[in-house]
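Working notes, structure below.
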Amino acid sequence: MISNFTDIGIPEDVAKAMDSMGWSEPTPIQVHSVPLGLTGADMFAQAQTGTGKTGAYGSIILGTIPAEGTVPHAIVLVPTRELANQVAEEMTKLSKFSGHVCLPIYGGASIEAQIKKLKAGCDIVAGTPGRVRDMINRGALNLTQIRTMVLDEADRMLDMGFVDDIEYILKAMPEDRHTMLFSATMQENVKQLAFDYMRNPREVSVSKDEVVLDLTKQYYISVGRRNKSWALCRILDIDMPKAIIFCQTKKMVDVLEERLTGLNYKVEAIHGDMPQSKREKVIRDFKEDATDVLIATDVAARGLDIDDINYVINYDMPDDIDTYIHRIGRTGRAGREGTAVSFVTSEEEHLVREFEMRTGMEIEKRTVPEAEDGRKDTIRRVVDYDQISDVFGMCRFEINLGKKDGFGKVALADFIIRNARVRDVSIGKMEIGPTSSIVEVHKDFGNRMTMDLTKAKFKGRRISVRVIQD
Ligand code: AMP
């Protein structure tokens, strides 16, 4: 229904493009910001990825600047090269009937090739601040005709240290321009930027319950560090998702990719240390379903817009809410349902409560999917002493020795110290039963309890040790 879009002022040729992209009605951020933006008012909008913000400012740009294909009349600054590409792609689709030309400009790729394209002419540029500044310095990018400027994911650009570049670019374009700022959060430095460079900006925000994240079911699984890969393989084997897996560090991304590849999973990884060409190939493979599992760091996955991701897995739980929201915003897009699963160690469980409070959405506890009968796990579950220990780091073990064998507390402690090489201060409470006993031992000696102590014998009988997990 094109009229759903033209009703809020979107020009007919852009509405037609939206129709051909399969969009049926504007999202809340589009409803709130497009009519205002089309009047030429400066605005700052609080909107996360997944809300349709690109479509919002895209419609405003296409509705207000001419399609001449000469020098740029609009510029969108974004934090990452992936986002620059995605914005340019979406703008190009939206321009199907209006004929506007949008070019991405970003670092890590040949500057000459980008200069050549700029020379051939365009209407809109979507670029990262560093490369845009570089282009201005080289005299390759003429911003004197800019009428509209968009700062997309402004909070992230500031967090990434782009403030000087942004200010430099702002000064290189006419003061008499239309400026729009989009940000997931309205932290102080973002407001300052809006205040310094915008004229009477109007604020637009989309309330939480209108965020597209609603289509995403959020879960967490309580799992210790040592069993994360076991849990992950269960999910990959049983749920067979089209998934993006987030790790906290580049190193962890590499380690996990190697481990999964070694187990014959078809996975690919992306992080900031990879050459641009490799990153583009990985994203293309994932988009075209050549791979179903992508392992990524936050920066690399920023703005990644792939509609059919049905699973986001936080292999490592992020410790801040914005990162969490951005990550899970990769799924549940464009009207599809998604699942977000976070692996949470016992020390991280407080984050679940905190994120629930901040988002007003439930993060439900679930267990690792059950393996089908007779199916062997790809990775064996191990005992994770960190996860089962109490706040003092103590774990409980049941040993098949008791009063009937002549053991009291002192004798049993002595037996454990000698045979499992456990330090005396690492033994805690003991309950001596008739034929078996329960002993608390520090987690650092967990392996020795199960590996070494079980090699010992008492009066010719093998010692058995069971880890008590509850
Ligand atoms: P964004 O918030 O710009 O990252 O957009 C999130 C996703 O929603 C992208 O895949 C857009 O193509 C899609 N999208 C944006 N607007 C609409 C709409 N009105 N209807 C359906 N999908 C949309």
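The values are calculated or read from the model by the stated rules, or taken from the named source; none is laboratory data. The structure displayed is predicted, hence computed values, not measured ones. Note that we place each Cβ from the backbone using ideal geometry, even for glycine, and neighbour counts take in every protein chain shown. Accessible surface is based on the protein model in full, side chains and every heavy atom, while ligands, DNA and RNA are left aside. Shrake-Rupley method; radii C 1.70, N 1.55, O 1.52, S 1.80 Å.
In this simple spin-label approximation, residue 280 and residue 254 carry label points 7 Å from Cα along the Cα→Cβ vector, and these lie 2.4 nm apart.
The simple Förster model, with R0 at 56 Å and r as the Cβ-Cβ distance, assigns residue 409 and residue 140 a FRET efficiency of 0.10.
Calculated accessible area for the range 215-365 comes out at 40 Å² per residue, all protein chains present (probe 1.4 Å; ligands, DNA, RNA ignored). Note on residue 458: accessible area is roughly 40 Å² with a 1.4 Å probe, heavy atoms of protein only.
Each Lys and Arg adds +1 at its Cβ and each Asp and Glu adds -1 at its Cβ; summed about the Cα centre, the chain shows a dipole of about 2260 debye. The count of lysine pairs in the range 215-365 that are at least 8 places apart or cross chains, and whose C-alpha atoms lie under 20 Å apart, stands at 19. Per residue, the accessible area of the range 396-470 comes to 58 Å², computed with a 1.4 Å probe over protein heavy atoms only. For the range 385-468, the fraction of 1.4 Å probe accessible surface lying on carbon and sulfur atoms is 53 percent. Ranked by the mean number of other Cβ atoms within 10 Å of their residues, highest first, the peptides 423-433, 239-249, 56-66, 343-353 come out as 56-66, 239-249, 343-353, 423-433.
Taking the alpha-carbon distance from residue 429 and a cut-off under 28 Å, which lysines remain once sequence neighbours fewer than 8 residues away in the same chain are dropped? Hits, sequence-local ones excluded: 403, 404, 409, 443, 455, 457, 459.
When the Cα positions of 350, 311, 260 are compared along the charge dipole of the range 215-365, 260 comes out farthest toward the positive end, with charges on each C-beta of Lys, Arg, Asp and Glu. Once the 1.4 Å probe is applied to the protein heavy atoms, the range 3-208 comes out at 39 Å² accessible per residue.
Atom-type composition of the exposed protein surface of the range 215-365 places 48 percent of the accessible area on carbon and sulfur (1.4 angstrom probe).
Put 103, 38 in order of accessible area, highest first, and with a 1.4 Å probe you get 38, 103.
Just to be sure I understand: of the beta bridges DSSP finds with both ends in the chain, what percent are antiparallel, rounded to 5? Percent antiparallel among DSSP bridges in the chain is about 25. Atom-type composition of the exposed protein surface of the range 3-208 places 47 percent of the accessible area on carbon and sulfur (1.4 angstrom probe).
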